[in-house]
1. Could you check how many percent of all C-alpha pairs in the stretch 189-238 are farther apart than 11 Å?
2. Take each complete run of DSSP H in the chain, measure how far its Cα atoms stretch along the helix's own axis, and keep only those covering 15 Å or more with mean Kyte-Doolittle hydropathy at least -0.5; list them.
3. So what's the projected area for the chain, the Cα convex hull averaged over all directions, in nm²?
4. What is the pair-distance distribution P(r) of the stretch 266-313, computed from all Cα-Cα distances in 5 Å bins starting at 0, with each bin given as a whole percent?
5. How long, wide and thick is the stretch 118-161, going by the Cα atoms along their three principal axes, in whole angstroms, largest first?
6. Which length gain, in nm to one decimal place, applies between Leu364 and Asp94 when the Cα-Cα distance is subtracted from 0.36 nm times their residue separation?
7. Using all alpha carbons of the stretch 122-190, what is the percent of pairwise distances in each 5 Å bin, ordered from the shortest bin to the longest?
8. Compute the relative contact order of the chain as a whole-number percentage, counting only Cα pairs closer than 8 Å that sit 6 or more residues apart in sequence.
Amino acid sequence: MFDCIIVGAGPAGGTAAYHLAKRGRSVLVLEKESLPRYKPCGGGVSPAIAQWFDFDFSPAISLKVDTIRYTWKMEDPVEARLTNMEPIWMVRRDIFDHFLVQQAQKQGAELRDNTEVTGIEFKNDRWQVKTANGPVEGRYLIAADGAKGPMAKLLGFKERKRRLGGALEAETPPPGNPDTRTYFEFGMVKNGYIWNFPKADGYSIGVGTFQGGEPQDFKSILTEYGTMFGVDMKTSKQYGHPLCLWDGNQKLHTQNAVLAGEAACVVDPMTAEGIRPSIFSGMKAAEAIDRALGGDLNALEKYTQVIVDEWGSDMVWAQRLAGVFYKIPKVGYKVGVKRPTATQTMAKILCGQLRYSDVVNFALKRLSKSMIPGMGG
């Protein structure tokens, strides 16, 4: 009988396990894969997450990047250096996710990987969780099993408010010496962008679309883009996966259970940033369940409210910006991305130093002016 069972050992699950175990709660993490496990992901992480932990992340960081290069249809490049702020961390998710869970284990959390959940049932005052390796019981549940996981449906969240995006990614070895810049390409893909995030031992190259719309041939787009780096994408294994983008406020709690991470759709609809918001939701889920175990009857309801207030309220602005930017990406590239201050501004948003609400009105005015003849440039 555990205080809390966490399903999923990604950033949200590992974070929740760490913070609950650190508070002296008995925690079980169930993960269907064997850790460490490969997870397709660009792997860019804001160093601001360090403020939420009391250990050093250095062993989990592959590379630190302080220069970003943008292109429009593989041309018209602009390069920007991050100044007066920490470089962005590049991580491999197999190492990063496992590292987080290991920190939780050091605090007393138990991990059972290679253990798939096959069903759940609430009985009296506890959850019975059926797994391929037998049943377990917990007073509370955190569903942190990602975009494709079954837990949200099993918990009765039939219709989550989410905007489904899609991504295709590949890992490639670097040709010769790796370039330590991060790349973003606009224009080749509709309603999204292409990225190349360097690691110590190669590249993570991917393409994502965040606004839906007509199907696109991601494979041929990636193949063409790879030529910029002397990489043959056809020889690399490619991984497609859905993205659960935030699409408005919704209930994230039910009877003795909460959703966290991508299961709660906390992915930025403008940038598709997912790791930092997932960690934030895992931390807040742990705080809520700790309070619930301590007798606070409204703790889980407050969790939903905290995510809505501290995350969702700003994502309204991210959605507005995405809605305009991806409709007129060439204008967005010209008057937005190429501005010298644009990279610093976005980096501050990704670090939590700025909110979208602080800058979006100004950005939308610039975009709309540029669409009126004689008004912009």
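The values are calculated or read from the model by the stated rules, or taken from the named source; none is laboratory data. The shown structure was predicted, so the numbers you read here are calculated from the model rather than taken from an experiment. In this analysis, Cβ positions are derived from the backbone assuming ideal geometry, glycine residues included, and neighbour counts consider all displayed protein chains. Protein only, heavy atoms only, side chains kept; ligands, DNA and RNA dropped before computing areas. Shrake-Rupley method; radii C 1.70, N 1.55, O 1.52, S 1.80 Å.
1. On the way: 859 of 1225 pairs.
Counting pairs separated by more than 11 Å, the tail of P(r) holds 70 percent.
2. The answer, listed by residue number, is 11-22, 275-293, 313-325, 356-371.
3. On the way: hull surface 73.7 nm².
Quarter of the Cα hull surface area: 18.4 nm².
4. 5, 23, 27, 21, 13, 7, 3, 1
5. For the stretch 118-161, the Cα extents along the three principal axes come out at 29, 23, 13 Å.
6. Additional length available on full extension: 93.4 nm.
7. Bins of 5 Å from zero give 3, 9, 13, 16, 11, 9, 11, 8, 8, 8, 3, 1, 0 percent of pairs.
8. This gives 19 percent for the chain.
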